[in-house]
Amino acid sequence: MSHPPSPPAPLSHAPSSGEGRLLAVSDLHVGMADNRPITESLRPGSDDDWLIVAGDVGELSQDIAWALELLADRFAKVIWAPGNHELWTPREDPVRLRGEERYRYLVDLCRDLGVVTPEDPYPVWRGPGGPAAVAPLFVLYDYSFRVEGTRTAEESLARAHEAGVVCTDEYLLHPDPYPGRDAWCRARVVETERRLAAHDPSVPLVLVNHFPLVREPTRVLWYPEFAQWCGTELTADWPVRFPTAAVVYGHLHIPRTTWHDGIRHEEVSIGYPREWRRRGHPLGLLRQILPHPGDAPGASAVAAAAGRKREAERQQEAERKREAERA
């Protein structure tokens, strides 16, 4: 029996008084009937709000188009990074394209709607907390988040199959024309890294990817075997190599804020009805990325990121001193 969806939670922070905010959400999964009203409830707090959509809008092309058009009509700008579900080729989808061709079809669909994609120039947020360039990324996974104790991707995959933990991507996410999803991932890493390296380092980045860029957030998964479908070790140093104000991701369906190397990582997913009914939406439906509520009023992304880095370095130095004293 289907239960009515819970009333939408408020934004994680009170609506602004006319000033724009950079907001984010992911894993809307609008193909699920109870998630559709949640998507319909998403509205800006001001005419200047931007919205990041970090993947897994839905599986069917018509559902993806419906949701992105709805949001593009409401928010001043929408930035999309693809999730694994958008890249599926389900039997019931009239769009039969696979792999790279399906991705390019989705890019064209977004451009028709005025939605920014990973193939477009990075738009620069100049509102409160800015300036910061919002960089939607399309980086898959290469099975390098292996099961503990395994030495190769093949061994890790075998362990997952033995445990009965196998991602649906293995059946519906086709890598054409690449020989495998890992090869497609490596090609995307090379192209994305080239673009990030060419970015003006004086303008901080908000890195947006469906999958986490570092492995640490996957350590809390109930089924650790699933981590190998959650990213690649090749992106682990990107938040520190490139001038990063924040990282936005989804996929794990564990909405929370974590800090790695002094950089804020925001998991912004809605998730499946069975999940949000159990936990609710404690951080709100839309996460405020900029301005960060913990930063001083009027602080730019540059100053805020520098302050957080200094604080992280101070804490690390204090920890080193404690370790030395214990030794």
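The values are calculated or read from the model by the stated rules, or taken from the named source; none is laboratory data. Keep in mind that what you see is a predicted model, and the values were worked out from it rather than measured. We place every Cβ from the backbone using ideal geometry, glycine too, and count neighbours over all the protein chains shown. The area values use the complete protein model at the heavy-atom level, side chains included, leaving out ligands, DNA and RNA. Shrake-Rupley method; radii C 1.70, N 1.55, O 1.52, S 1.80 Å.
Looking at P239, P293, P212, just one residue is under 15 Å from the mean Cα position of the chain (by Cα) and either more than 30 Å from E162 (Cα to Cα) or modelled with pLDDT under 95 (or both), and that residue is P239. Evaluate region 172-195: report whether one residue or more is open to solvent by 70 Å² or more (accessible area, probe 1.4 Å), β-branched (V, I, T), closer than 25 Å to H260 by Cα and without any contact (Cβ under 8 Å) to a residue 60 or more places away in the chain. Checked region 172-195: at least one residue is open to solvent by 70 Å² or more (accessible area, probe 1.4 Å), β-branched (V, I, T), closer than 25 Å to H260 by Cα and without any contact (Cβ under 8 Å) to a residue 60 or more places away in the chain.
Suppose the filter is outside any loop (DSSP other than H, G, I, E, B) and buried (at least 17 other Cβ atoms within 10 Å of the Cβ); does A133 pass it? Walk me through how you get there before you give the answer.
Values: outside any loop (DSSP other than H, G, I, E, B): yes; buried (at least 17 other Cβ atoms within 10 Å of the Cβ): yes.
Considered against the rule, which asks whether it is outside any loop (DSSP other than H, G, I, E, B) and buried (at least 17 other Cβ atoms within 10 Å of the Cβ), A133 comes out as yes.
Within region 236-275, work out how many residues are in contact with a Gly (Cβ under 7 Å, 6 or more places away or on another chain) and surrounded by fewer than 22 Cβ atoms within 10 Å (Cβ to Cβ). Adding up the residues that qualify gives 1. Inside region 42-61, residues that are surrounded by 21 or more Cβ atoms within 10 Å (Cβ to Cβ) and touching a Ser or Thr at 6+ places or on another chain (Cβ under 7 Å) make up a count of 4.
Kindly establish whether A67 is among the hydrophobic types (A, V, I, L, M, F, W, C), modelled with pLDDT of 95 or more and over 21 Å from A132 (Cα atoms). It is true that A67 is among the hydrophobic types (A, V, I, L, M, F, W, C), modelled with pLDDT of 95 or more and over 21 Å from A132 (Cα atoms).
The residues of region 101-118 that are open to solvent by 10 Å² or more (accessible area, probe 1.4 Å) and over 16 Å from the mean Cα position of the chain (by Cα), listed by number, are E101, R104, Y105, D108, L109, R111, D112, L113, G114.
The one condition from (1) modelled with pLDDT under 95; (2) within 18 Å of the chain's Cα centre (by Cα) that E319 does not meet is (2).
Only one residue in R91, R104, R74, R98 is at pLDDT 95 or above, under 23 Å from V124 (Cα atoms) and basic (K, R), so which one is that? I'd like the intermediate steps shown before the answer.
On the way: R91 fails: under 23 Å from V124 (Cα atoms); R104 fails: under 23 Å from V124 (Cα atoms); R98 fails: under 23 Å from V124 (Cα atoms).
Selected residue: R74, the only one of R91, R104, R74, R98 that is at pLDDT 95 or above, under 23 Å from V124 (Cα atoms) and basic (K, R).
Within region 87-100, one or more residues are open to solvent by 40 Å² or more (accessible area, probe 1.4 Å), among the charged types (D, E, K, R), closer than 26 Å to A187 by Cβ and over 20 Å from the mean Cα position of the chain (by Cα). Listed conditions (1) open to solvent by 10 Å² or more (accessible area, probe 1.4 Å); (2) farther than 15 Å from L23 by Cβ; (3) assigned to a helix (DSSP H, G or I) are all met by A72, apart from (2). Scanning region 139-171 for residues that are in contact (Cβ under 8 Å) with a residue 60 or more places away in the chain and small (G, A, S), which turns out surrounded by the most Cβ atoms within 10 Å (Cβ to Cβ)? So the residue we want is A160.
Can you tell me which residue in region 211-223 is farthest from T258 (Cα to Cα), limited to those that are surrounded by fewer than 17 Cβ atoms within 10 Å (Cβ to Cβ) and not acidic (D, E)? Out of the qualifying residues, it is Y223. Looking at this structure, is P15 open to solvent by 10 Å² or more (accessible area, probe 1.4 Å), at pLDDT below 95 and either small (G, A, S) or under 22 Å from T257 (Cβ atoms) (or both)? For P15, the condition - open to solvent by 10 Å² or more (accessible area, probe 1.4 Å), at pLDDT below 95 and either small (G, A, S) or under 22 Å from T257 (Cβ atoms) (or both) - is met.
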